[in-house]
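A short worksheet on the structure shown next.
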Amino acid sequence: MASLFVIQGRDQGRRFELNKPVLGVGRDTGNAIQLHDTEVSRRHAEVRQSGDEWVLVDLNSSNGAFVNSDRISERVLQSGDRVQVGRTLLIFTGGEEEDVEDLSQIINIVGQSPTETESRIVRSIGQEEGSRILEGELAGENPWLARARSNLQVMYRTALAVSHTLDIDQLLRRIMDLIFEWVEADRGCVMLVDQETEELIPKARRTRRSMGPEERIRISRTILDYVLEKKEGVLTTDAQEDQRWNPAQSILKMGVREAICVPMQGRYGIVGVIYIDTFTPPGRNPQTPGGTRFTEEHLKLMVAIGHQAALAVEDTSYYSAMVQAERLAAIGQTIATLSHHIKNILQGIRGGSYLIEEGLKGNEADVIRKGWGIVEKNQERISNLVLDMLTFSKERKPDLIAADLNETAADVVELMQVRARDHNVELTFRPGANLPPLTFDPEALHRAILNVVTNAIDACEHAELGRVAVTTRYSIDKQIAWVDVEDNGEGIPAEEIKRLFTVFESRKGARGTGLGLPVSQKILREHNGDIRVVSEPGKGSRFRLYFPASPPSDSSKTLPLELP
């Protein structure tokens with residue numbers, strides 16, 4: 001489905017699907033695409049479907065509508081177009097689906113065969129070694145080629161710097177370091193455009209030497225305005241003779257002898273500027289009188305570096321917007337799922353309360369007991385839900401103490417006997433013989449086993465003779481303990497086993513929360529263990545909960561985990 005995704009503005013991270021023939025864009029709540037942007041009109045524009053195409057139509061808004069920086073009254077949108085209304089920037093994605101060749105039928109990854117004569121890898125290099133081809137000088141190399149290779153090295157290192165981090169502050173500091181390795185600048189800084197105020201905000205600075213309070217970096221507004229308006233990089237090598245800066249005489253007064261200022265021009269506009277200069281404090285003689293350090297070649301390379309940095313900043317912002325969108329979607333899914341489950345629990349409590357009320361009216365003890373049983377069962381359900389939510393959402397370290405695994409598992413089996421009888425399921429426990437006390441978190445493991453046993457009982461609900469067996473074992477040699485929960489229930493198809501531990505994926509329909517198995521897996525992984533599932537539809541399942549453990553006196557001798 002076609003959509004508009006907000007990558008800049010107060011609604012950053014929101015995605016609007018184009019699911020109606022006409023969708024309004026504006027601040028009013030009646031708009032399908034409502035934007036919380038004070039520079040957007042109440043009814044700013046409309047997105048209209050025309051056959052297989054989508055058309056953006058400006059509704060005579062005060063600030064206009066723009067597509068790819070061009071003001072429009074009406075424009076057919078193409079996938080990837082940048083739509084700007086007010087200070088909000090959106091990306092249009094077309095919903096068309098192209099026929100894609102199934103390359104998996106043509107390209108195969110084959111296993112190693114001991115009989116075939118495979119190609120042998122004779123050499124491998126990493127990025128660092130690969131970049132050395134750009135270093136050093138070659139015999140007889142002409143100056144032009146040497147400069148070209150030097151410039152290519154700078155761009156290669158810049159590309160590596162912007163690809164290795166999603167932290168914008170770290171990225172900008174690294175770029176300033178690279179610039180100072182290559183250019184004999186005294187001072188420099190990077191400023192980014194604030195999305196709300198459109199003002200330049202300093203984000204990184206670099207100086208060749210320490211500066212006193214009187215030598216703080218002061219940048220000419222004249223230069224910045226010129227760069228932002230013209231979208232061009234500028235170089236001045238003689239502040240006294242450059243007519244563009246004379247009206248303010250700001251460069252000369254601030255001790256700047258040479259300056260380069262370039263825009264950080266990305267895909268969607270200017271995100272900031274990079275500024276470097278040579279500096280002589282007013283009243284002092286320059287260290288290199290009459291000489292220049294910056295050339296037109298420096299300016300060209302600075303423009304290229306500014307573009308690379310801008311792309312990285314945009315990519316990081318886009319990634320942040322995507323993360324925010326996924327987080328909002330996850331929150332929405334969580335609220336919807338839990339609300340539905342809590343509603344079912346409340347309906348159960350309401351039904352039990354009704355029976356209690358009717359029993360009190362007629363003084364019928366059996367009806368009251370029945371009603372209280374329903375209330376009590378739903379209280380347990382909501383208690384389990386809250387405990388699962390707390391366990392899953394909170395990072396914790398197991399409270400490791402000496403405990404009896406047989407005792408922990410036996411308590412779960414005893415607790416679940418009533419539920420098993422209600423489902424006509426035989427629940428048995430086979431404790432491990434001579435199982436010593438082990439070091440683990442008994443409370444957490446109790447919960448993990450409880451969730452798995454509950455699922456096993458539910459899986460046998462429609463079995464003719466449902467059976468669930470809980471077994472404990474311990475390997476002294478491998479120092480691994482495990483609990484097997486086996487049932488003869490409906491079984492799980494192979495394609496569904498991979499989704500068993502996905503949050504809110506439940507095979508019980510409205511009766512399940514989709515939290516039980518993810519919580520159990522999280523507990524086992526906190527013990528450096530895991531859960532292994534073997535199942536066959538129609539024949540039942542076996543869940544093995546395993547974790548490294550040792551007797552309290554041997555806790556320092558735990559061996560590497562080897563799956564039992």
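The values are calculated or read from the model by the stated rules, or taken from the named source; none is laboratory data. The structure presented is a predicted model; accordingly, all values stated were derived computationally and were not measured. When we count neighbours, we look across all protein chains shown, and the Cβ atoms used for this are built from the backbone with ideal geometry, even at glycine. Ligands, DNA and RNA are stripped out before the accessible areas are found, and what is left, the full protein with its side chains, is counted by its heavy atoms. Shrake-Rupley method; radii C 1.70, N 1.55, O 1.52, S 1.80 Å.
Across region 25-57, the qualifying residues are those that are open to solvent by less than 20 Å² (accessible area, probe 1.4 Å) and not in a loop (DSSP other than H, G, I, E, B), and the one among them that is farthest from Q195 (Cα to Cα) is V55. So, in region 224-254, of the ones that are of a type outside the set (S, T, N, Q), modelled with pLDDT of 60 or more and not in a helix (DSSP H, G or I), which residue ends up least open to solvent (accessible area, probe 1.4 Å)? My answer is V234.
The set of residues in region 255-294 that are open to solvent by less than 40 Å² (accessible area, probe 1.4 Å), in a strand (DSSP E or B) and at pLDDT below 80 comprises V256, F279.
From the list A336, A325, A310, A330, the lone residue that is part of a helix (DSSP H, G or I), in contact with a strand residue (DSSP E or B) (Cβ under 8 Å, 6 or more places away or on another chain) and at pLDDT below 80 is A325. With respect to (1) under 18 Å from E407 (Cα atoms); (2) modelled with pLDDT of 85 or more, the lone exception for S550 is condition (2). Scoring A469 on the criteria (1) open to solvent by less than 20 Å² (accessible area, probe 1.4 Å); (2) under 15 Å from R430 (Cβ atoms); (3) of a type outside the set (D, E); (4) within 35 Å of the chain's Cα centre (by Cα) leaves a single failure, condition (4).
Taking the residues in region 489-507 that are out of contact with any helix residue (DSSP H, G or I) (no Cβ under 9 Å at 6 or more places or on another chain) and assigned to a loop (DSSP other than H, G, I, E, B) as candidates, determine which candidate is surrounded by the most Cβ atoms within 10 Å (Cβ to Cβ). Only one residue tops the list, namely R499.
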